[in-house]
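Peer 1: Pasting a structure here, questions to come.
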Amino acid sequence: MMTVNEKIKVLYKNRYMKDEKEFNQFVNSLDFLSEPNWFDPLKFSEKDIKDIYTVFEDDTESHDVMFGLLHLVEALDLHGRVLIHSLPTMYPHALNWLLTFVARILNSIEATASFKENYAKLTETEKLFVHMILQELVEDSPIFFERVKLLTETN
């Protein structure tokens, strides 16, 4: 049986899902990792979660299936604790997925508070990168302006 890390490598290798073989390998690995009778967040290391974030790709042929991966990683990375450190590994090839993750975090008061707490611990360089992503989100969806402002304010 393949390990979690091996399944994540299969996801990464097949992330474009440009043909039936890639699609099936991606779906089979995702199904394995998400299987309710098998799934346990403790089976995934922080590195595994970071590696899952690298799988996201805006140029994939199957956004619906990639949303299944989004649900898996959200179950593993509550409130985006690992995401905030993974943003640079997703840019620019997964910018739309980045914006989706951040918007979903901002739609939850609890997740936003956790994200703000993690943002405060970042280096200035990391904060600049997160700020760039947040600016992009506000440009795409002005409704997030106030939430982004609250997120990046220092107390």
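Peer 1: Using a 1.4 angstrom probe on heavy atoms only, work out the carbon and sulfur share of the accessible area of the chain in %.
Peer 2: Numbers: 4720 of 8650 Å².
Solvent-exposed carbon and sulfur of the chain make up 55 percent of the total.
Peer 1: Ok, one more. On full extension of the chain, what length is gained from ALA113 through TRP38, given 0.36 nm per residue of separation minus the C-alpha to C-alpha distance? Write down the numbers at each step before the final one.
Peer 2: Working: separation 75, 0.36 × 75 = 27.00 nm, distance 3.05 nm.
Working it through step by step, the gained length comes to 23.9 nm.
Peer 1: Can I ask one more? How much space per residue, in cubic angstrom, does the convex hull of the C-alpha atoms of segment 112-155 take up?
Peer 2: Details: hull volume 2.6 nm³, N = 44.
Output value, Cα hull per residue: 59 Å³.
Peer 1: Treating cross-link reach as a plain straight distance, find the lysines whose alpha-carbon is under 21 Å from the alpha-carbon of LYS7, omitting any fewer than eight places away in the same chain.
Peer 2: Within the straight-line cut-off, LYS7 pairs with LYS18, LYS21, LYS43, LYS47, LYS50.
Peer 1: Just want the answer: with Cβ charges of +1 for Lys and Arg and -1 for Asp and Glu, which residue in ALA103, LEU72, PHE44 is farthest toward the dipole's positive end in segment 1-111?
Peer 2: So the residue we want is PHE44.
Peer 1: Net charge within 13 Å of MET17 by Cβ-Cβ distance, Lys/Arg positive one each and Asp/Glu negative one each, not counting MET17 itself? Write down the numbers at each step before the final one.
Peer 2: Values: positive: LYS13, ARG15, LYS18, LYS21; negative: ASP19, GLU20, GLU22, GLU57, ASP58, ASP59, GLU61, ASP64.
Once all neighbours under 13 Å are counted, the net charge is -4.
Peer 1: Report the local net charge at SER29: Lys and Arg +1, Asp and Glu -1, summed over other residues whose C-beta lies under 10 Å from its C-beta. List each step's numbers first, then the result.
Peer 2: Numbers: positive: LYS7, LYS9, LYS13; negative: GLU6, ASP31.
Value of the local net charge: +1.
Peer 1: Quick one: accessible area per residue over the chain, 1.4 Å probe, rounded to a whole number of Å²?
Peer 2: Dividing the accessible area of the chain by its residue count gives 56 Å².
Peer 1: Starting from the Cα of ASP140, step 7 Å along the direction of its Cβ; do the same at HIS71; then give the gap between the two resulting points in nm.
Peer 2: Computed distance between label sites ASP140 and HIS71 equals 2.1 nm.
Peer 1: Another question, if that's okay. Under unit Cβ charges (Lys, Arg +1; Asp, Glu -1), what dipole magnitude, rounded to 20 debye, does the chain have relative to its Cα centre? Spell out each step's value before the answer.
Peer 2: Numbers: 16 positive and 26 negative charges, 80 e Å.
Around 380 debye, computed over the chain.
Peer 1: Give the Rg (one decimal place) followed by the Dmax (whole number) of the chain, computed from C-alpha coordinates and expressed in Å.
Peer 2: My reading of the Cα-based Rg and Dmax gives 15.8, 51 Å.
Peer 1: Once you list every other residue whose beta carbon is under 12 Å from the beta carbon of LEU99, what net charge do they have if Lys and Arg are +1 and Asp and Glu are -1? Could the numbers behind the result be given before it?
Peer 2: Details: positive: ARG104; negative: ASP58, GLU136, GLU139, ASP140.
It works out to a net charge of -3.
Peer 1: How much accessible surface does MET17 have with a 1.4 Å probe, in Å² rounded to 10?
Peer 2: Approximately 10 Å² of MET17 is accessible to the 1.4 Å probe.
Peer 1: Hey, another quick one. Place +1 on the Cβ of every Lys and Arg and -1 on the Cβ of every Asp and Glu in segment 45-155, take the dipole about the Cα centre, and give the residue among PHE56, HIS85, ALA120 whose Cα lies farthest towards its positive end.
Peer 2: ALA120
The values are calculated or read from the model by the stated rules, or taken from the named source; none is laboratory data. Here the structure is a predicted model, which is why all the values come from computation and not from measurement. Reconstructed Cβ throughout: ideal geometry from the backbone, glycine too, with neighbour counts over all protein chains shown. Note: areas computed on protein heavy atoms with side chains; ligands, DNA, RNA excluded. Shrake-Rupley method; radii C 1.70, N 1.55, O 1.52, S 1.80 Å.
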